[in-house]
Amino acid sequence: MEWLYSPSLLSIKIGAITVVLHLLLGVGIAYYLSGQKTFIKSVVDILVTIPIVFPPIALGFFLLLLFGKNGVIGQLFARFDIEIIFSVTGVLIASFVAGLPLVVKPIQAAIDEQSKRYAEASYTLGKSKLYTLVFVLLPNIKKVILVSMFLGFGRSLGEVGITLMLGGNIIGKTDTVSLAIYNYAFSGDMDKAITLSLLLGIISIGLFFGLKKFAYL
């Protein structure tokens with residue numbers, strides 16, 4: 001049953017770490033992008049939104065150029081003997097990038113709405129921006145944050161294009177459930193492909209009902 005456990009455990013591991021990164025970095029980016037727009041904010045906003053409108057395989061190719069040994073970022077990591085491409089780290093980056101807009105955009109919109117109601121009152125009382133964010137804004141949008149985490153996790157499980165380019169689809173090492181389905185379907189092993197597809201389907205249904213539950217809290 002290694003064919004089932006290996007990609008499943010990798011997908012769960014990558015998904016869990018991605019949720020943590022989205023919670024920390026995604027919320028931070030959403031807060032940064034909220035409020036008055038600037039040129040730099042607009043550039044960051046475009047970069048965050050790109051995974052929604054850009055073909056995943058093409059985006060993965062550009063990230064491959066960026067994080068490869070000869071890429072700007074890849075060269076920096078290579079100095080410390082850290083390889084990103086064709087590794088679990090590459091799969092993690094793909095997962096994070098793919099789900100980031102689904103996390104950032106709803107939280108950004110919620111913060112903008114809450115800022116008009118509560119942030120100004122908090123500032124008037126002499127509270128800092130950090131205090132206002134942690135103790136005023138975020139508690140009031142916790143439902144939006146939870147829903148965003150669900151969306152980011154779901155996108156992580158279904159990611160193929162970017163993962164294929166950065167992770168390399170190495171069987172037993174970087175093949176997630178989605179990539180394993182592709183591999184087994186391509187090789188004609190339909191029973192395994194169907195089993196893994198059903199597994200993703202069950203998880204997706206669970207996420208759907210989770211979203212509905214939080215929507216009515």
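The values are calculated or read from the model by the stated rules, or taken from the named source; none is laboratory data. Since this is a predicted model, take the numbers as computed values, not measurements. Neighbour counts run over all protein chains shown; Cβ positions are idealised from the backbone, glycine included.
Points to keep in mind about this one:
- Of all residues making up the range 11-24, the number that are without any contact (Cβ under 8 Å) to a residue 12 or more places away in the chain and either small (Gly, Ala, Ser) or under 25 Å from residue 132 (Cβ atoms) (or both): 3
- Under the condition of being small (Gly, Ala, Ser), over 22 Å from residue 202 (Cβ atoms) and surrounded by 12 or more Cβ atoms within 10 Å (Cβ to Cβ), the residues counted in the range 9-45 number 5.
- Considering residues of the range 41-79 that are in a helix (DSSP H, G or I) and small (Gly, Ala, Ser) only, the residue nearest to the chain's Cα centre (by Cα): 60
- Among residues of the range 40-52 that are within 14 Å of residue 103 (Cα to Cα), those with a beta-carbon under 9 Å from a residue that is surrounded by 13 or more Cβ atoms within 10 Å (Cβ to Cβ) and among the β-branched types (Val, Ile, Thr) at least six positions away or on a different chain give the pairs 45/104; 48/29; 48/104; 49/104; 50/97; 51/97; 51/162.
- Which numbered condition residue 47 misses (of (1) under 23 Å from residue 13 (Cβ atoms); (2) among the aliphatic types (A, V, I, L, M); (3) at pLDDT 90 or above): (1)
- Take the conditions (1) more than 20 Å from residue 174 (Cα to Cα); (2) among the acidic types (Asp, Glu); (3) without any contact (Cβ under 8 Å) to a residue 12 or more places away in the chain; residue 112 misses just one of them, which is (3).
- Scanning the range 101-157 for residues that are over 24 Å from residue 46 (Cα atoms) and of a type in the set (Val, Ile, Thr) yields 124, 132, 134, 136.
- Residue among 92, 138 that is touching a residue at least 60 places away in the same chain (Cβ under 8 Å), among the hydrophobic types (A, V, I, L, M, F, W, C), more than 20 Å from residue 51 (Cβ to Cβ) and outside any loop (DSSP other than H, G, I, E, B): 138
So that you can scan it fast, the table gives a plain yes or no per residue for (1) touching a strand residue (DSSP E or B) at 6+ places or on another chain (Cβ under 7 Å); (2) over 25 Å from residue 85 (Cα atoms); (3) at pLDDT 90 or above:
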| position | (1), (2), (3) |
| --- | --- |
| 125 | no, yes, no |
| 140 | no, yes, no |
| 152 | no, no, yes |
| 168 | no, no, no |
| 176 | no, no, yes |
| 183 | no, no, yes |
| 191 | no, yes, yes |
| 212 | no, yes, no |
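- Failed criterion for residue 95 (all others in (1) among the polar types (S, T, N, Q); (2) modelled with pLDDT of 90 or more; (3) farther than 14 Å from residue 14 by Cα; (4) touching a Ser or Thr at 6+ places or on another chain (Cβ under 9 Å) hold): (3)
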